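Everything below concerns the one structure shown next.
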Amino acid sequence: MNAPAVAHPCPVCGAATVIHDVVDFNKSCEEARRYFLPLSGRAVYYHRCPACAFTLAPELCGWSDQEFQQHIYNQRYIDIDPDYVSKRPLANADFLQRLFGDGKAAIRHLDYGGGSGLLSQTLRLHGWDSSSYDPFPRNGQRLDELGRFNLISAFEVFEHVPDPAELMQNITALMADECVVIFSTLLSDGHIEPNRRLTWWYAAPRNGHISLFSKQSLIVLAERHGLQFGSFNNVTHCLFNRLPPWATKLTGA
Ligand SMILES: [Zn+2]
């Protein structure tokens with residue numbers, strides 16, 4: 001039996017987290033579509049930060065890349081995330097094309113956490129300067145050899161990382177002086193609250209959803225790294241230092 005970790009500090013704001021609830025490891029996002037894996041018998045505790053409402057699964061956050069590959073990102077991953085192969089990368093490429101296609105001549109784009117690279121390939125077919133980088137599994141590709149970018153996308157990344165502070169260090173190291181980061185993660189506001197069981201479909205260990213962000217936690221994360229933060233909706237957000245000219249429409253200017 002695995003005992004829950006105690007007094008785990010919030011990796012976003014540093015406050016002491018409290019145990020929020022426990023779910024079975026096989027809880028997956030596909031439960032929202034009425035697809036259920038058999039229970040694994042393995043308990044996964046989620047801790048919540050009372051200050052910024054960031055919620056994490058400390059035990060899984062301590063896993064090695066090998067453990068993540070063995071238990072989560074294995075050949076069965078497609079069963080509980082069927083859209084990750086092509087549906088989502090193509091939709092996200094279309095989103096970026098519609099949002100910033102007019103400015104593509106001035107854009108140097110990196111798709112952070114780009115997996116197979118389909119999003120970047122698709123944008124390149126539309127004439128973009130786009131490349132893909134995936135920090136997982138660690139493969140010897142060095143961040144400082146990639147250069148700097150003025151548009152970085154990170155779709156389906158934030159909720160998967162064991163350490164948001166390390167993620168932000170990586171991303172800020174890739175940002176040019178004028179750079180906008182477009183990223184997705186579903187906000188936990190209204191879903192994860194004290195005295196409410198963790199039934200939210202997005203809190204899914206089997207999908208590797210080990211870092212769950214509230215709006216406040218994203219605001220704190222941005223502030224701590226000297227960035228501005230904004231949301232398009234409850235799942236798509238942006239961070240920026242200074243907006244490039246082709247991105248000023250984000251502020252309505
Ligand atoms: Zn916090």
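Annotations for the structure displayed:
- A Cβ distance below 8 Å, combined with a sequence gap of six or more or placement on separate chains, defines the contacts here; from region 217-228, residues that are within 15 Å of residue 53 (Cβ to Cβ) reach no residue that is among the acidic types (Asp, Glu) and part of a helix (DSSP H, G or I).
- Flag if residue 123 is in a helix (DSSP H, G or I), of a type in the set (A, V, I, L, M, F, W, C) and closer than 16 Å to residue 156 by Cα: no
- Subset of region 110-149 that is hydroxyl-bearing (Ser, Thr, Tyr) and more than 21 Å from residue 73 (Cβ to Cβ) - its residue that is most open to solvent (accessible area, probe 1.4 Å): 131
- Cβ-Cβ distances below 8 Å connect the following pairs, each with a first residue in region 232-247 that is of a type in the set (Val, Ile, Thr), a second residue that is not in a loop (DSSP other than H, G, I, E, B), and a separation of six or more residues or different chains: 235/184; 236/95; 236/182; 236/183; 236/184.
- Extreme residue, modelled with the highest pLDDT, among residues of region 26-65 that are charged (D, E, K, R), crowded, with 16+ Cβ neighbours inside 10 Å and away from the ligand (no atom under 16 Å from the Cβ): 27
- Residues that are touching a Leu at 6+ places or on another chain (Cβ under 7 Å) and surrounded by fewer than 17 Cβ atoms within 10 Å (Cβ to Cβ), drawn from region 11-20: none
- With respect to the conditions (1) closer than 14 Å to residue 192 by Cβ; (2) modelled with pLDDT under 95, residue 8 lacks only one, and its number is (1).
- Some residue of region 103-117 being touching a Phe, Trp or Tyr at 6+ places or on another chain (Cβ under 7 Å) and basic (Lys, Arg): yes
- Residues of region 194-226 that are within 16 Å of the ligand (Cβ to nearest atom) and assigned to a helix (DSSP H, G or I): 215, 216, 217, 218, 219, 220, 221, 222, 223, 224.
- Qualifying residue in region 29-40 (condition: over 22 Å from residue 216 (Cα atoms) and in contact with a Pro (Cβ under 7 Å, 6 or more places away or on another chain)): no
The values are calculated or read from the model by the stated rules, or taken from the named source; none is laboratory data. The structure displayed is predicted, hence computed values, not measured ones. We place every Cβ from the backbone using ideal geometry, glycine too, and count neighbours over all the protein chains shown. Accessible surface areas use protein heavy atoms only, side chains included; no ligands, DNA or RNA. Shrake-Rupley method; radii C 1.70, N 1.55, O 1.52, S 1.80 Å.
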